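Written below as structure tokens is the structure these notes are about.
The values are calculated or read from the model by the stated rules, or taken from the named source; none is laboratory data. Fair warning: this is a prediction, and the values are worked out from it, not measured in the lab. Here the Cβ positions follow ideal geometry from the backbone for every residue, glycine too, while neighbour counts run over all protein chains shown.
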Amino acid sequence: MSGILTTLHEKWMNNPWLRQIIIFLSVFGPATIAAMADNDAGGVATYSLAGATLGYPILFLLFIITPLLGITQEMGMRLTLVTRRGLADLIREKYGVKVSLFIFLGLFIANLGTITTEVSAIRTVSRMLQIPAAPFVIGMLLIAFLFITRGNYKLTQTIMLVVSLFYLTYIASAIKANPDWGTALSNLVYPHGVAWTGEYIRNYLIIGMGVLGTTITPWGQFFISSFAFDKKMDKNTIRYSQFETYWGAFLTDFFSFFMIVATASTLFARGIVLTSGEQAAEAIRPFAGDLAGTLFAIGILAAAFMGLVIVPLSTAYAFSEFFGLSGSLDSDYQKSKTFYVLFIVQLLLAALVITIPGISLFGIAVASQTLNAMILPLVFYYLIKLTNSGELMGLYANNSFQKYFTIIFSVVIFIASVLTVGAVVFGWH
């Protein structure tokens, strides 16, 4: 029997196609999880509000954002595979502790706001599903705590990939909403089908910045770098990782497409205004049916749980790298104590914030998104400088297209960031 298995194994490994599939599966995970985590509860809220407020034309932005997400996350992945160092680690070494501290403080505050949004979404969805809120929220926090602190890298990756499957509920919700598929798909190519009034154009620009900010995040850039490093990958698998990075970017906005379609075809079409993302699950029920609303709520829950794990994990990774500490899912509590304590502290702080009477959770979400928009150009600046470096990257440095593409869009994002801050601070809406 063992001889037969040995022969089969040799045949498999001698098959070039099968060998490539095995290698790809061995590196699969970090890029897909990093990209899918962009569709956290805050992301679902933004896409839902975009669809309800602007209709199908906002889908056009996905056509632009998807390659930008793929290219920038590929840069972070490539940087780590070539240097065997995380992005935060390299920023500290090349640009100093002061820069590291400034970026980390902004990242920590923005991430805490995002985590609070995730906890709030879990509480709201529990009510939609008629589950007692307090024990449900505590239970979700406990699950996140246990499998990060008691598990390992492989378990975390597996659970996050399984949770990603729940995003399929958005496809079902969109189908149940009976949208105009022709109009939806054609709006990916060019925005049309609405009256382009001054108010609509202003809302399109402001909400469009929100869509950009929730899809391409500072924590996402640090997470993909650190998670790949924690998996102990190297440049020998770089082309497989690059393929997965672009696949992950496509998958992210593939599901975003259905989130927008579900609300555009039911709420925008009837002039119903949303004030929160969670409200979308209830609002589409009368038009798409109870099943569609329930599926949308389950999707929000899955997105919130993924964000509840990935966002604080990205903070813990970044802190460990910025300040030269041990931080790995495969190391025990004693060896990476600061890493695990920081993860736990973020969950506790977020849970505490949502209990404060009269606090505006929507305001927290807007503020954290605004801060993300301010940090992102700075993160891109260092990411581009590092990946452009021939000394650091050798033959794997950015090519001309990558250089100019990322520089141009970094400028665009900077301008968008300034306008977003202006919109929030001065009330340009």
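Counted as qualifying within segment 151-228 are the helices (runs of 4 or more DSSP H) with 3 or more residues that are buried (at least 20 other Cβ atoms within 10 Å of the Cβ) and among the hydroxyl-bearing types (Ser, Thr, Tyr), namely 168-176, 198-215.
From the list GLY307, GLY327, GLY394, the one residue that fits, being outside any helix (DSSP H, G or I) and either farther than 29 Å from THR263 by Cα or small (Gly, Ala, Ser) (or both), is GLY327. In segment 306-330, of all residues being buried (at least 24 other Cβ atoms within 10 Å of the Cβ) and small (Gly, Ala, Ser), the one that is farthest from ALA228 (Cα to Cα) corresponds to GLY307. Report yes if some residue within segment 93-115 is more than 18 Å from ALA316 (Cα to Cα) and crowded, with 21+ Cβ neighbours inside 10 Å; otherwise report no. No, segment 93-115 contains no residue that is more than 18 Å from ALA316 (Cα to Cα) and crowded, with 21+ Cβ neighbours inside 10 Å.
Suppose we filter ILE91, ILE58, ILE131, ILE65 for residues that are over 18 Å from the mean Cα position of the chain (by Cα) and either acidic (Asp, Glu) or closer than 30 Å to LEU392 by Cα (or both); which single one remains? It is ILE91.
A single entry from LEU81, LEU87, LEU69 fulfils the requirement of being touching a helix residue (DSSP H, G or I) at 6+ places or on another chain (Cβ under 6 Å), aliphatic (A, V, I, L, M) and within 30 Å of TYR190 (Cβ to Cβ): LEU69.
Scan SER126, SER120 and give me the residue that is within 26 Å of GLY210 (Cβ to Cβ) and either out of contact with any Asp or Glu (no Cβ under 9 Å at 6 or more places or on another chain) or outside any helix (DSSP H, G or I) (or both).
Values: SER120 fails: either out of contact with any Asp or Glu (no Cβ under 9 Å at 6 or more places or on another chain) or outside any helix (DSSP H, G or I) (or both).
Checking each option against the conditions leaves just SER126.
Residues that are of a type in the set (S, T, N, Q), buried (at least 19 other Cβ atoms within 10 Å of the Cβ) and modelled with pLDDT of 80 or more: does segment 360-371 have at least one? The answer is no, given that none of the residues of segment 360-371 is of a type in the set (S, T, N, Q), buried (at least 19 other Cβ atoms within 10 Å of the Cβ) and modelled with pLDDT of 80 or more. Pick from segment 229-256 the residues that are buried (at least 22 other Cβ atoms within 10 Å of the Cβ) and polar (S, T, N, Q): which of them is modelled with the highest pLDDT? Within segment 229-256, the match that is modelled with the highest pLDDT is SER256. Can you pull out the residues in segment 373-391 that are part of a helix (DSSP H, G or I), of a type outside the set (A, V, I, L, M) and surrounded by fewer than 22 Cβ atoms within 10 Å (Cβ to Cβ)? Passing the criteria: PRO377, TYR381, TYR382, LYS385, ASN388, GLY390, GLU391.
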